[in-house]
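J.: Dumping the structure here so I can ask a few things about it.
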Ligand SMILES: Nc1ncnc2c1ncn2[C@@H]1O[C@H](COP(=O)(O)OP(=O)(O)OP(=O)(O)O)[C@@H](O)[C@H]1O
Ligand SMILES: [Mg+2]
């Protein structure tokens, strides 16, 4: 189905999110939509799927006779009925419902007026099978990991038979393998005549799967439905940022490996299933914890932070045994900060102003006579707005109104402001645009240079190879190998993958 969004305008208080952006979709194509954080990508998708109403512009669909006819989607259901399916950037799952119920939500099979539970579970299994995902469909969604939830969200979009499928950063928390399986499905849909829109900050996957590209900058389309093959990676990036953009030059850093580790795990086992995990992070060092999604990395750091049960082993902070009770305790007693991958639930208070979010970890420091002044909170935001290039209307704006990438910046700013000795950072650049990603990387390297010990979890192998001094590889809740990182992409990625495969086979 041919579909056109023409000269869309959308204004929020203080922000013009879209300012004449257009999107043209041809049947049988994979179309990339690119742009920096806050460029307007998600807003455009929400207009096309009836979540928001545009202030200007129009939507045109195939009239079935070779022409186009104007249409209007007053509600998401209208867009769905017109054959438009979507995976939004933020999760829309019901945690108390089972995997099967969530997947079948918009396409509930019924028999004689009753929900056909067997058919519902079969549908869910079929959708998950397409993605080669093994999950118990009767399990409650609330108990899944972030990556698993994302896969369920994609399966849910596949459950509805749509001719246009919009994917807003679908692979943000997936591994390369999982993303590849998604793209196999995407190519199949294209070959069957569907059009698929892919929003992504990962240019490698965009070049691997997309045919055409639309680039948004400040709410306008600066490239419209252009063949992707005409552009180099550099040209795409320059169009996105509106000027020439230089990548980060890599330098080798020196780490004092004899120093007492700031954080050390000694044969730690957990109730989640980790067995005898040992690792050490020296002050000023970046230890990368790599593994496939489901390897148990996030669960391990959650156990260290007291959020899961440790059954044996010792955790030491600066050489002394530590018993951390929770995230607040980690900060107060051990000066340890935790940037979670799960920013929606744990990282950012969406119904609070940005300034409150950034200041929440530093209240003790900036509180005078027990009161935190608005002015102090706001000036704190100004510092990080500049350093992280946050795109916000005002420090008092609610965090929930920010674009996904800008929420992620708020989550990191909060911990940077806290002045920690040890930072545990889980997937720092998921959903972050290229320009800011380089800035984040520089910032993380800069933090290590100030002697902060950093434990970094990332499923983005290039990122790991850029940042880590040493890489520890985890598979199935055990450490399966460790290596010094010489920042050679080819060699390191091969070494890491063979550790994972050897570890899994054992
Ligand atoms: N509900 C809202 N209320 C107020 N402002 C909003 C709202 N939704 C989006 N915005 C603003 O509109 C602009 C565009 O946001 P949008 O989410 O479309 O960006 P994006 O291109 O998807 O970015 P990202 O890559 O970070 O996801 C941003 O400045 C954002 O703060
Ligand atoms: Mg977005």
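J.: On C-alpha positions alone, give me the angle between the axis of helix 404-417 and the longest principal axis of the chain, in degrees, nearest 10.
T.: It is inclined by approximately 10 degrees.
J.: Follow-up. Binning at 5 angstrom from zero up to the longest distance, how are the C-alpha pair distances of the range 3-241 distributed in percent?
T.: 1, 7, 14, 18, 19, 16, 13, 8, 4, 1, 0, 0
J.: Where in the range 273-302 is the amide nitrogen less than 19 Å from a point lying 7 Å along the Cα-to-Cβ axis of residue 266?
T.: Once the point is set 7 Å along Cα→Cβ of residue 266, 275-283 turn out to lie under 19 Å by backbone N, inside the range 273-302.
J.: Moving on. I'd like the projected area of the chain, averaged over all directions, using the convex hull of its alpha carbons. Report it in nm² with one decimal.
T.: Numbers: hull surface 100.4 nm².
One quarter of the hull surface, i.e. the mean projection, equals 25.1 nm².
J.: Please give the peptides 333-339, 204-210 ranked by average Cβ packing (other Cβ atoms within 10 Å per residue), highest first, as a rough proxy for protection. Mind showing how you got there, number by number?
T.: Working: 333-339: 21.3, 204-210: 18.0.
Final packing ranking: 333-339, 204-210.
J.: What is the spin-label model distance, in nm, from residue 278 to residue 105 if the labels are put 7 Å beyond Cα along the C-beta direction?
T.: 4.6 nm
J.: Still on this model: Just to verify a number: FRET efficiency for residue 234 and residue 53, C-beta to C-beta distance, R0 = 41 Å, to 0.05?
T.: Values: r = 37 Å, r/R0 = 0.91.
It comes to 0.65.
J.: Another question, then. When the chain is fully extended, how far beyond the present Cα-Cα distance does residue 112 get from residue 320, taking 0.36 nm per residue of separation? Display every interim value, and only then the final one.
T.: Working: separation 208, 0.36 × 208 = 74.88 nm, distance 6.59 nm.
Contour length minus the Cα-Cα distance gives 68.3 nm.
J.: Taking a virtual spin label 7 Å from the Cα of residue 143 along the C-beta vector, which residues in the range 281-295 bring their backbone nitrogen under 19 Å of it?
T.: Those under the cut-off are 294-295.
J.: 222 nm [θ] for the chain, helices only, -39500 (n - 2.57) per DSSP H run of 4+, per residue, to 500?
T.: Working: 17 runs with 175 residues, N = 506.
After summing the helix terms and dividing by residue count, I get -10500 deg cm²/dmol.
J.: While we're looking at this one, here's another question. Where both partners of a DSSP beta bridge lie in the range 3-241, what percent of those bridges are antiparallel, to the nearest 5?
T.: On the way: 25 of 43 bridges.
Counting DSSP beta bridges with both partners in the range 3-241, the antiparallel share is about 60 percent.
J.: OK, next. Highest mean first, what order results for 219-225, 422-428, 91-97, 298-304 on Cβ atoms within 10 Å? Provide the component values of the computation, followed by the final result.
T.: Values: 219-225: 19.1, 422-428: 24.9, 91-97: 14.1, 298-304: 23.3.
The packing order, highest mean first, is 422-428, 298-304, 219-225, 91-97.
J.: Can you give the FRET efficiency to the nearest 0.05 for residue 177 and residue 502, using r as the Cβ-Cβ distance and R₀ = 22 Å?
T.: On the way: r = 17 Å, r/R0 = 0.75.
That pair, residue 177 with residue 502, gives E of 0.85.
J.: Output the antiparallel fraction of DSSP beta bridges having both residues in the range 263-505, as a percent to the nearest 5. Please list the in-between numbers first.
T.: Working: 20 of 37 bridges.
The antiparallel fraction comes to roughly 55 percent.
J.: Hey, what angle do you get for helix 374-388 against the long axis of the chain, alpha-carbon based, 0 to 90 degrees rounded to 10?
T.: Computed tilt is about 80 degrees.
J.: Could you order the peptides 13-19, 474-480 from most to least packed, using the average number of other C-beta atoms within 10 Å per residue?
T.: Details: 13-19: 18.0, 474-480: 20.4.
The densest-packed peptide leads the list: 474-480, 13-19.
J.: Could you compute the FRET efficiency for residue 161 and residue 311, with r as their C-beta to C-beta distance and R0 at 45 Å, rounded to 0.05? Intermediate values should be presented prior to the final figure.
T.: Details: r = 47 Å, r/R0 = 1.05.
Once the sixth-power term is evaluated, E becomes 0.45.
J.: Could I ask something else about it? Only bridges whose two residues both fall in the chain count here: according to DSSP, what percent of them are antiparallel, nearest 5? Don't skip to the end; give the middle numbers.
T.: On the way: 45 of 80 bridges.
Percent antiparallel among DSSP bridges in the chain is about 55.
J.: Quick check for you: which residues of the range 129-152 have the amide N under 17 Å from the point 7 Å beyond the Cα of residue 94 toward its beta carbon?
T.: Zone members listed by number: 137-144, 152.
J.: Just round it to a whole percent: the fraction of Cα-Cα distances in the range 187-300 exceeding 21 Å. Mind dumping the intermediate values first?
T.: Numbers: 4003 of 6441 pairs.
Tail fraction, whole percent: 62.
J.: Let me ask you something else. Relative to the longest principal Cα axis of the chain, at what angle does helix 176-191 sit, 0 to 90 degrees, rounded to 10?
T.: The two axes meet at around 10 degrees.
J.: Further, regarding this structure: Normalised by the number of residues in the range 3-241, what is the relative contact order in percent for Cα pairs under 8 Å and 6+ residues apart? Before the final figure, lay out the partial values.
T.: On the way: 475 pairs, mean separation 68.9, N = 239.
29 percent.
J.: In vacuo Debye scattering of the range 263-505, one point per C-alpha: log10 I(q)/I(0) at q = 0.14 Å⁻¹?
T.: -0.91
J.: Can you give me the pair-distance distribution of the range 1-108, C-alpha pairs, 5 Å bins, whole percents?
T.: 2, 10, 19, 22, 19, 13, 9, 4, 1, 0
J.: A further question on this structure: Using label points projected 7 Å from each Cα along Cα→Cβ, tell me how many nm separate residue 122 and residue 351, to one decimal.
T.: Between residue 122 and residue 351, the simple spin-label model gives 4.2 nm.
Read-outs: derived from the displayed coordinates by stated rules, not from any lab. Treat the numbers as computed from the prediction; the structure is a model and nothing was measured. Here the Cβ is made from the backbone with ideal geometry for all residues, glycine too, and neighbour counts use every protein chain on show.
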